[in-house]
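Contents: one structure, followed by commentary.
The values are calculated or read from the model by the stated rules, or taken from the named source; none is laboratory data. Remember, predicted model here, so these are calculated numbers, not experimental data. Cβ atoms come from the backbone with ideal geometry, glycine included; neighbour counts cover every protein chain shown. When the accessible area is computed, the model is the full protein with side chains, heavy atoms only, and any ligands, DNA or RNA have been set aside. Shrake-Rupley method; radii C 1.70, N 1.55, O 1.52, S 1.80 Å.
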There are 4 protein chains.
Amino acid sequence: MKIRTDLALECREMFAGEISGVESTSHDSDGITVTHVNIKTPEGEARIGKPIGSYITIEIDNMLCQDDEIEERGENAVGNELKKLIKDKNTDSVLIVGLGNQYITPDSIGPKTVGKVTVTRHITSEAKLGFDFDIRPVSAVAPGVLGITGIETGEIVKGVVEHVKPTLVIAVDALAARKISRLGTTVQISDTGISPGSGVGNNRKELTEKTLGVPVIAIGVPMVVDATTLAMDIIGEHKQIKNELIENGRGMILTPNDVDAISNTASDIISGGINMALHS
Amino acid sequence: MKIRTDLALECREMFAGEISGVESTSHDSDGITVTHVNIKTPEGEARIGKPIGSYITIEIDNMLCQDDEIEERGENAVGNELKKLIKDKNTDSVLIVGLGNQYITPDSIGPKTVGKVTVTRHITSEAKLGFDFDIRPVSAVAPGVLGITGIETGEIVKGVVEHVKPTLVIAVDALAARKISRLGTTVQISDTGISPGSGVGNNRKELTEKTLGVPVIAIGVPMVVDATTLAMDIIGEHKQIKNELIENGRGMILTPNDVDAISNTASDIISGGINMALHS
Amino acid sequence: MKIRTDLALECREMFAGEISGVESTSHDSDGITVTHVNIKTPEGEARIGKPIGSYITIEIDNMLCQDDEIEERGENAVGNELKKLIKDKNTDSVLIVGLGNQYITPDSIGPKTVGKVTVTRHITSEAKLGFDFDIRPVSAVAPGVLGITGIETGEIVKGVVEHVKPTLVIAVDALAARKISRLGTTVQISDTGISPGSGVGNNRKELTEKTLGVPVIAIGVPMVVDATTLAMDIIGEHKQIKNELIENGRGMILTPNDVDAISNTASDIISGGINMALHS
Amino acid sequence: MKIRTDLALECREMFAGEISGVESTSHDSDGITVTHVNIKTPEGEARIGKPIGSYITIEIDNMLCQDDEIEERGENAVGNELKKLIKDKNTDSVLIVGLGNQYITPDSIGPKTVGKVTVTRHITSEAKLGFDFDIRPVSAVAPGVLGITGIETGEIVKGVVEHVKPTLVIAVDALAARKISRLGTTVQISDTGISPGSGVGNNRKELTEKTLGVPVIAIGVPMVVDATTLAMDIIGEHKQIKNELIENGRGMILTPNDVDAISNTASDIISGGINMALHS
């Protein structure tokens, strides 16, 4: 058992001082803190435990408040960071992949985002003449989860990618964090795709340029702290609750009690950011 | 504009007397009427307007009552007819495809069925040793609809089929009927797959052995009568309502007011029938 | 059997020329048509078949499009008309009552509106000091329907009214119309409360000043045309479809196929209008 | 801050040895453990921290598995214990009250149960002649929560009780526990009604014979452990995680990740048990 977090920022925080091969910068404005953690060398990768690449963490003050104005600021921040991250990539055709289980609320951000992004791949060339700007083909799928489909998510996505032939994939996912204060308040964007074992369901397979043949951007919001990660963080000799968390905590999560509303806000912010980055 | 129905039985009913190339038999028992319409020749195909093949219609008395016992009888009838229809086919690996839009209740039977069938393709050979009967690999996907994914359903299904490599596909769909009395009370099973233009959404693409490379069984329940089909059925000179149905009826459907409950029952019966036919 | 409509406007339209005791005026602006039908005398009441009072119909062009800007215009129109209707009433404490069955989509506007209006009755006097305007106590209940509670809605509402002691009740409801083109595109506001038999479920009891002891404003959106109303509107000799509608049409409704999305829009517009009229 | 649990059993477990004024017995059969904790004196009440009365805890092995057979055993156990608890009470007319917020999954058991119990109060005497057994009037309401209605739940329930005039109230609620292993696996039934502060939402008001004028049975299933209760259970010197739980844990809960499915099972078992106790 070990500490589990999908946030590169939290991996970085486990170390004091400089880490060779890892750069980290942060800036604040208007209630939003954006931190860039860039893992640049295999040495950095080994220390942090995440693949080489860029990890952008957007922390949004009061995101839990369900306020329209905060939601809009969050969308803008996500849209801007995403735009910068993809500006050197081929975005001629983009496929959004919404990972996770729509029937398990803390894991439903991906499928909810699919229902909210603006898709355009099916608009005919004729219909496009009616618009005075370029419409980039965007498509979106929610592949479901292994327990419901009986199929590895990676297989379904690979099958769709081979037919849709996107030049870029954006995978959206609910994440696990270590710190409670990050639940529902933080968006992570990275250019490294999805690593095995990340996500709320904890059995995600790899979705990366290596497996899909095109670059994969990952966007996620931490929605849970694993009960076993909580247990790991309890240090000391008297360990009654630690043992209970270890023995009975499998499948148990720490999550906000209004996770239903929070997963709606999170998918609003992600889909709004994606729409902004791709359609304007 | 023309009369629209996905039920071969209703196409057959439009003709009195024998039709060359079309056989039709019917039997009743225990509150359930099973009718077989077999279209055997191109001539029959042309008259009926449905592809050559077998169409089984199961009419279940009082299916609208949401009674457990009626639901069980429905499941058994669907399971038995499905078993007979697939008994000469290769069922080494079966993929269930749930067509339709989960967010539009009358069109949600397909995705709901996917959430209810028992999938087994991901069970490891090791785990299978624990069972004392053979577990056939069954998988299931809900590909979504064009308006939400931007991708033709047929492309997604083809991509999945190429990776999962099933020997048989079962496509589940909500149907349009002509007669109000059939809404939510009838299950149609056929070995011809899905024809273009069928289903509630009315823009389904072909899903057949020709397009997917493996046999395709289709199972559906009529959930709506199109407003324009209603209009077509109004004959006579004074046609105020007919004209209104034609002018304003686009996208309007006639449906039971408790279609939410009925789509639950329908997906229970279909998934129960599929589980029975494939896992026992 | 007879034509069924909850819209006073449609009752008025059944007559050509003047009706003694009934005034009707209409104005258009910005894609919105507002019609006032005032029933002023018992004679007018008898002709129109609706109680004496004011009926305001707001027809919103393209309301079915789910466009943010149209939704906002709808909210403003509803808010303004509601404000005028209640300006001479005591609005010291307002109770919103969301009628209908949340599990039957076309009947769910009332309960959905309850989830969306801003309630303030529970804000303590201390907390109110933080606001620089007056906060009027607003509360909201969704009493459920007879088939689920076993209790007449009127009894539940009366019990709540006796404890909450509002000075005004606003009852929100899904309506039945005669014309297909009005489904999901029209809001009716009246100062007469809810009459027996109106609403989608068709077994609403009276909720009026007479039964509750305080004035009752009713707000509704037509979501269905009854199958039997359709049948009544079919005139002529050949009446195959008419007979089928009469025989099998009980509980069948004509409704937009995306009634799920439309009931969301409708409850957004009504709750937005109520919030505007009561909290600004 | 203190340990929070709604289970009398867990309060009892905090003490070793006998407690004066508290009796406790337990029996096991068929995968189900039933424990009776009877608080008999003010002294026992003070020690345990729950009102004088009977508390029955039904622990159901493997209730998390969503197995039909286990669900049935759970229903029978709940039905039998409930029958015994109410056999000396006047059950001429029973009102089920489903507490909690239907939009927050771990708090939704009450409203879900209301949708599943068989209500009969509205069946006319005439219709009852068709049954060959006595039909007791049963009704059910889901009063909503303060944040959505602006009205104290107790006021709504009191208003309904005064009109419906039941002889017995059964209040159904989601509970907070201390031990993770009890989440979704345990049903508590008591004859003491609802105490202030219990339930997932943690701001329930009193619903007891004292406030409602008729006996109140409470039935609940623990769905969450409060983050602050977790923190309290962490003893020792190094307290990093303890402090984070205390600082950021407000509104955070530990809950099973498939709480959606578990709240369905829990409301099935409770409603099945209630139906069995009242209608057979």
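Which of the helices in chain C, when you take each full DSSP H run, stretch at least 18 Å along the axis at their Cα atoms and have an average Kyte-Doolittle score of -0.5 or higher? Please report the intermediate quantities before stating the final value.
Values: long enough: C:68-86 (27 Å, -0.97); C:259-279 (29 Å, 0.58).
Going by DSSP H runs, the hits are C:259-279.
Which distances, in nm and shortest first, link the D:Glu247 label point to the same label point in every other copy, taking 7 Å along Cα→Cβ?
Distances between equivalent label points, in nm: 3.1, 6.8, 7.5.
Evaluate peptide B:219-231: per residue, the Cβ atoms of other protein chains within 10 Å of its Cβ; return the mean as an integer. Show your work: numbers first, answer last.
Working: counts 0, 0, 0, 0, 1, 3, 6, 1, 7, 0, 1, 7, 1.
Partner Cβ neighbours, averaged per residue: 2.
Please find, in a Gaussian network model of chain A (springs between Cα atoms separated by less than 10 Å), the residue of A:Ser20, A:Ser93, A:Ser195 whose mean-square fluctuation is greatest.
A:Ser20
Can you tell me the order of A:207-216, A:165-174 when each peptide is scored by its average per-residue count of other Cβ atoms within 10 angstrom, highest first? Let's see the in-between values first.
Values: A:207-216: 18.8, A:165-174: 23.6.
Going from most to least packed, we get A:165-174, A:207-216.
Connecting C-alpha atoms closer than 10 Å in a GNM of chain B, tell me which of B:Gly220, B:Gly98, B:Gly201 has the biggest fluctuation.
Ranking B:Gly220, B:Gly98, B:Gly201 by mean-square fluctuation puts B:Gly201 first.
Run lengths n ≥ 4 of DSSP H only: what is the helix-derived mean residue ellipticity at 222 nm for chain D, with -39500 (n - 2.57) per run over all residues, to the nearest 500?
Per the formula, -10000 deg cm²/dmol.
Where a ≥ b ≥ c are the square roots of the eigenvalues of the C-alpha gyration tensor, would you call the protein assembly as shown rounded, which needs a/c under 1.5, or, failing that, prolate if a/b is larger than b/c, or oblate?
Values: a/c = 1.32, a/b = 1.10, b/c = 1.20.
Rounded is the answer for the protein assembly as shown, as its axis ratio a/c remains below 1.5.
What lysines does B:Lys112 reach when the alpha-carbon gap must be under 22 Å and sequence neighbours fewer than 8 apart in one chain are set aside?
A:Lys112, A:Lys116, B:Lys83, B:Lys158, B:Lys205, D:Lys112, D:Lys116
How many angstrom lie between the Cα centre of the range D:198-274 and the Cα centre of the range A:250-276?
22
Inter-copy label distances at B:Asn275, 7 Å along the Cα→beta-carbon direction, one decimal in nm, shortest first?
Result, one decimal in nm: 1.7, 3.9, 4.2.
What translational diffusion coefficient, to the nearest whole µm²/s, does the range D:74-213 have by Stokes-Einstein, given a Kirkwood radius computed over alpha-carbon pairs, a temperature of 37 °C and 0.692 mPa s viscosity? If you can, show how the numbers build up before the last one.
On the way: Rh = 16.1 Å.
The estimated diffusion coefficient comes to 204 µm²/s.
Taking the Cα centre as origin and putting +1 on Lys and Arg beta-carbons and -1 on Asp and Glu beta-carbons, what dipole magnitude results for chain A, to the nearest 20 debye?
In total the dipole reaches around 840 debye.
Which shape class applies to the range C:8-279: rounded if a/c is under 1.5, otherwise prolate when a/b exceeds b/c and oblate if not, where a ≥ b ≥ c are the square roots of the Cα gyration tensor eigenvalues? The partial results should precede the final answer.
Working: a/c = 1.57, a/b = 1.47, b/c = 1.06.
Prolate, because a/c is 1.5 or more and a/b exceeds b/c.
Looking only at other chains, what is the average number of their beta-carbon atoms within 10 angstrom of each beta-carbon in A:258-270? Show your work: numbers first, answer last.
Working: counts 9, 7, 9, 2, 0, 0, 0, 0, 0, 0, 0, 0, 0.
That average works out to 2.
At what distance in angstrom do the alpha carbon centres of the range A:147-161 and the range B:4-37 lie from each other?
Cα centroid to Cα centroid, the span is 39 Å.
Taking a label point 7 Å from Cα toward Cβ, how far is C:Lys89 from its twins in the other copies, in nm, shortest first?
3.9, 5.5, 6.0
Before anything else, pin down the relative contact order of chain B: Cα pairs under 8 Å, at least 6 apart, normalised by residue count, whole percent.
Reported as a whole number, the value is 24 percent.
With +1 on the Cβ of every Lys and Arg and -1 on the Cβ of every Asp and Glu, and nothing else charged, how large is the dipole of the range A:57-186 about its Cα centre, in debye rounded to the nearest 20?
Details: 15 positive and 19 negative charges, 79 e Å.
Using only the charged Cβ atoms, the result is roughly 380 debye.
Specify the inter-centroid distance of the range A:61-98 and the range D:71-86, based on alpha-carbon positions, in whole Å.
The distance from the Cα centre of the range A:61-98 to that of the range D:71-86 comes to 51 Å.
Taking all protein chains as present, what is the carbon and sulfur share of the accessible area of the protein assembly as shown, in % to the nearest whole number, probe 1.4 Å?
On the way: 21290 of 44880 Å².
Accessible surface attributable to carbon and sulfur in the protein assembly as shown totals 47 percent.
Apply the a/c threshold of 1.5 to the C-alpha gyration tensor of the range A:1-113 and tell me whether it is rounded, prolate or oblate.
Rounded, because the longest to shortest axis ratio a/c is under 1.5.
Show me the chymotrypsin sites (Phe, Trp or Tyr not before Pro) within the range D:79-177 that DSSP assigns to loop and that have at most 13 other Cβ atoms within 10 Å of their Cβ.
Numbers: sites: D:Tyr103, D:Phe131, D:Phe133; in loops: D:Tyr103, D:Phe131, D:Phe133.
Counting only loop positions with at most 13 other Cβ atoms within 10 Å, the chymotrypsin sites (Phe, Trp or Tyr not before Pro) in the range D:79-177 are D:Phe131, D:Phe133.
Tell me, for the rotation carrying B onto A, which chain B residue has the beta-carbon closest to the axis and what that distance is in whole Å.
Residue nearest the B-to-A axis, with distance in whole Å: B:Gly159, 2.
Which value, in debye to the nearest 20, gives the size of the charge dipole of the protein assembly as shown about its Cα centre, when Lys and Arg are +1 and Asp and Glu are -1 at the Cβ?
Numbers: 108 positive and 156 negative charges, 1 e Å.
The dipole magnitude comes to about 0 debye.
For chain C, modelled as a Gaussian network with Cα springs under 10 Å, which listed residue fluctuates most, C:Asp92, C:Asp107, C:Asp268?
C:Asp92
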